[in-house]
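Everything below concerns the one structure shown next.
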Amino acid sequence: MLKGIKAVFGKLLKRMFKKKKQVKLGLYGPPNGGKTTLANKICQDWLGEDMGSVSNIAHETREVSIKESITIKSGNKELSFNLVDTPGIATKIDYEDFLKSGMKAKEAKQRAKEATKGVIDSIKWLDDMDTVIVVLDATIDPYTQVNITIIGNLQARKIPVLIVGNKIDKKKANLKKLEAAFPQYKVIGISAKFGKNTDEFYKELFNLVD
């Protein structure tokens with residue numbers, strides 16, 4: 001009798017702790033795809049504040065950033081998660097590329113060093129992710145080594161994935177290419193900068209996590 005009560009009590013405790021677990025939702029992708037812009041849009045919509053700074057220069061985000069306890073709503077549903085914005089993943093980082101953006105040599109070398117560390121940290125953090133949103137620039141050819149590296153790492157870990165084709169406000173945006181490149185995943189087009197189609201994006205988040 002006592003064993004039976006303990007077993008029932010144990011199951012109840014597990015359910016309670018399971019419900020309290022906060023989902024870790026990671027934003028991944030190559031540099032300048034719009035990860036931080038999307039992170040800011042999510043935080044503005046549900047918290048009324050930005051998450052990080054954005055720039056036209058690659059690797060503006062060089063450290064993993066976390067915004068805890070974001071709760072979004074869609075209809076009668078609610079979803080709470082910790083949002084993790086990661087540095088852009090690149091297969092090559094050359095300080096000379098930063099020189100072309102107008103940086104001085106010392107600053108360019110430091111940025112390249114920090115960006116390289118950021119890529120390593122991004123990959124390490126994959127082991128802590130429950131769900132990942134891969135943010136890609138919909139105006140750029142998706143068949144790149146970087147994208148294949150990201151998707152390969154996600155598939156190996158069997159992490160649920162939603163692919164976001166960002167910048168659909170631009171004429172060159174091509175979602176069909178993204179869908180053809182990654183047919184195993186749902187692809188949704190948005191403009192994080194202008195908030196276009198974000199309602200559909202939030203609906204897909206519920207489908208992904210549920």
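The values are calculated or read from the model by the stated rules, or taken from the named source; none is laboratory data. The model shown is predicted, which means the values in this text are computed figures rather than measured ones. Note that each Cβ is placed from the backbone with ideal geometry, even for glycine, and that neighbours are counted across all protein chains shown.
Quick one: which residue in E200, E114, E107, E204 is charged (D, E, K, R), more than 22 Å from Q22 (Cα to Cα) and touching a residue at least 40 places away in the same chain (Cβ under 8 Å)? One residue alone meets the criteria, E114. Among all positions in segment 89-107, there is at least one residue which is closer than 24 Å to N153 by Cβ, of a type in the set (A, V, I, L, M) and at pLDDT 75 or above. Put simply, of V164, V146, V132, V187 the only residue that is closer than 17 Å to T91 by Cβ and surrounded by 16 or more Cβ atoms within 10 Å (Cβ to Cβ) is V146. Check whether at least one residue in segment 158-166 is in contact with a Leu (Cβ under 9 Å, 6 or more places away or on another chain), free of Cβ contacts under 8 Å to residues at least 40 places away in the same chain, of a type in the set (K, R) and closer than 29 Å to D127 by Cβ, and report yes or no. No, there is no match, as no residue in segment 158-166 is in contact with a Leu (Cβ under 9 Å, 6 or more places away or on another chain), free of Cβ contacts under 8 Å to residues at least 40 places away in the same chain, of a type in the set (K, R) and closer than 29 Å to D127 by Cβ.
The condition (being in contact with an Asp or Glu (Cβ under 6 Å, 6 or more places away or on another chain) and of a type in the set (A, V, I, L, M, F, W, C)) is satisfied by just one residue among F194, F182: F194. Inspect all residues belonging to segment 139-149 and state whether any of them is part of a loop (DSSP other than H, G, I, E, B), touching a Leu at 6+ places or on another chain (Cβ under 8 Å), more than 19 Å from T36 (Cβ to Cβ) and of a type in the set (V, I, T). Checked against the condition, which is being part of a loop (DSSP other than H, G, I, E, B), touching a Leu at 6+ places or on another chain (Cβ under 8 Å), more than 19 Å from T36 (Cβ to Cβ) and of a type in the set (V, I, T), segment 139-149 yields no hits at all.
A90 meets each of the listed conditions (1) in a loop (DSSP other than H, G, I, E, B); (2) more than 17 Å from the chain's Cα centre (by Cα); (3) among the small types (G, A, S) apart from (2). For segment 181-210, a tally of residues being part of a helix (DSSP H, G or I) and farther than 19 Å from D130 by Cβ returns 4.
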